[in-house]
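Rule-based calculations on the coordinates, nothing more; no lab input. Here the structure is a predicted model, which is why all the values come from computation and not from measurement. Here the Cβ positions follow ideal geometry from the backbone for every residue, glycine too, while neighbour counts run over all protein chains shown.
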Amino acid sequence: MNMINKEAPNFVAAAVLRDGSIKEDFCLHEEIKDRFAVLFFYPLDFTFVCPSELIAFSHRAETFAKRDTVLISVSIDSEFTHLAWRNTPVEKGGVGPINYPMVADPSHRIVNDYGVQAASGDVALRATFLIDQKGLIRHQSINDLPLGRNVDEYIRLVDALQFHQSHGEVCPAGWQSGEAGMTANPEGVASYLAQHAKSL
């Protein structure tokens, strides 16, 4: 389901917050108002690839925060399972004190609203949505269950979107923060490629 440039579907659900408390009425639109957000879905607590992803996002939470970007995770587990996993030490297969909210979606309502339920119908796929400060989805990606995400790529995408908003230029293949953008017209393309085509 293509959700690019559509408003991120709102939800109100129970969530475990970064301080370990449970908020029964966590509201997406309230939590991300006027900020950027990376909303990511994962299959299940106490599984295999999932803890590596959640820990990787948590390790970079401050990097996202410096970009005024909120991290929020969602799975079909209950808030109590989230809390138990969070309270399980990393060396015993847990995720430890994750630095962002973990939203509970046991009804699969959020998973279905975002169109990311696995074909099996029992879990979410590894889906990621970059939401801008107006609440619009500007990037979406979906991985099959065995394929873990590269969290640094989402930092790059936040940088690219914010660069575009600040400068009006577009970001060519492999663009990194601090590199040249491209003016979105034939002359801009020609100028950029004349200087950078060999390094692409």
Looking for whichever is surrounded by 15 or more Cβ atoms within 10 Å (Cβ to Cβ) and either under 16 Å from V16 (Cα atoms) or among the aliphatic types (A, V, I, L, M) (or both) here; the options are A84, A65. Which one fits?
-> A84
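Looking at region 90-131, which of the residues that are acidic (D, E) and within 18 Å of the chain's Cα centre (by Cα) is farthest from N143 (Cα to Cα)? Full working, then the answer.
Here is the first cut: in region 90-131, the residues acidic (D, E) are 91, 105, 113, 122.
Next, from what is left, pick out any that are within 18 Å of the chain's Cα centre (by Cα): 105, 113.
On the way: D105: 19, D113: 17 Å.
Here the answer is D105.
Do we find a residue being in contact with a Gly (Cβ under 9 Å, 6 or more places away or on another chain), surrounded by 14 or more Cβ atoms within 10 Å (Cβ to Cβ) and free of Cβ contacts under 8 Å to residues at least 40 places away in the same chain anywhere in region 100-116? First the steps, then the outcome.
Applying the first criterion (in contact with a Gly (Cβ under 9 Å, 6 or more places away or on another chain)) to region 100-116 yields 108.
With surrounded by 14 or more Cβ atoms within 10 Å (Cβ to Cβ) added as a condition, the list becomes 108.
Imposing the further condition that a residue be free of Cβ contacts under 8 Å to residues at least 40 places away in the same chain reduces the set to 108.
Yes: one or more hits.
For A37, are the conditions met, namely being of a type in the set (A, V, I, L, M), in a strand (DSSP E or B), over 14 Å from the mean Cα position of the chain (by Cα) and surrounded by 14 or more Cβ atoms within 10 Å (Cβ to Cβ)?
Values: of a type in the set (A, V, I, L, M): yes; in a strand (DSSP E or B): yes; over 14 Å from the mean Cα position of the chain (by Cα): no; surrounded by 14 or more Cβ atoms within 10 Å (Cβ to Cβ): yes.
No.
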Per the filter on region 44-72, residues within 22 Å of V111 (Cβ to Cβ) and over 14 Å from the mean Cα position of the chain (by Cα) are L44, D45, F46, T47, F48, V49, P51, S52
(1) touching a His at 6+ places or on another chain (Cβ under 7 Å); (2) within 21 Å of K66 (Cα to Cα): which one isn't true of E179, the others all being true?
-> (1)
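Go through L147, L136, L193 for me and flag whichever is aliphatic (A, V, I, L, M) and more than 21 Å from the chain's Cα centre (by Cα). Write out each step before concluding.
Working: L147 fails: more than 21 Å from the chain's Cα centre (by Cα); L136 fails: more than 21 Å from the chain's Cα centre (by Cα).
It is L193.
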Contact list, first residue from region 125-138 and crowded, with 19+ Cβ neighbours inside 10 Å, second anywhere and of a type outside the set (A, V, I, L, M, F, W, C) and not in a loop (DSSP other than H, G, I, E, B), beta-carbon distance below 6 Å, six or more apart or interchain, is R126/N143; T128/S141; F129/Q140; L130/R138; L130/H139; D132/R138
Scanning for something charged (D, E, K, R) and either under 30 Å from G20 (Cβ atoms) or out of contact with any Phe, Trp or Tyr (no Cβ under 9 Å at 6 or more places or on another chain) (or both), does region 150-171 turn up at least one residue?
-> yes
By residue number, the members of region 42-87 that are in contact with a Ser or Thr (Cβ under 7 Å, 6 or more places away or on another chain), aliphatic (A, V, I, L, M) and farther than 26 Å from L136 by Cα are L44
Those helices (runs of 4 or more DSSP H) completely within region 61-160 that have 3 or more residues that are closer than 17 Å to V49 by Cα and not acidic (D, E) are 79-86
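When you check N10 against the structure, is it within 20 Å of D132 (Cα to Cα) and in contact with a His (Cβ under 7 Å, 6 or more places away or on another chain), yes or no? So that I can check it myself, show each step before the final result.
Working: within 20 Å of D132 (Cα to Cα): yes; in contact with a His (Cβ under 7 Å, 6 or more places away or on another chain): yes.
Against the criterion (within 20 Å of D132 (Cα to Cα) and in contact with a His (Cβ under 7 Å, 6 or more places away or on another chain)), N10 qualifies.
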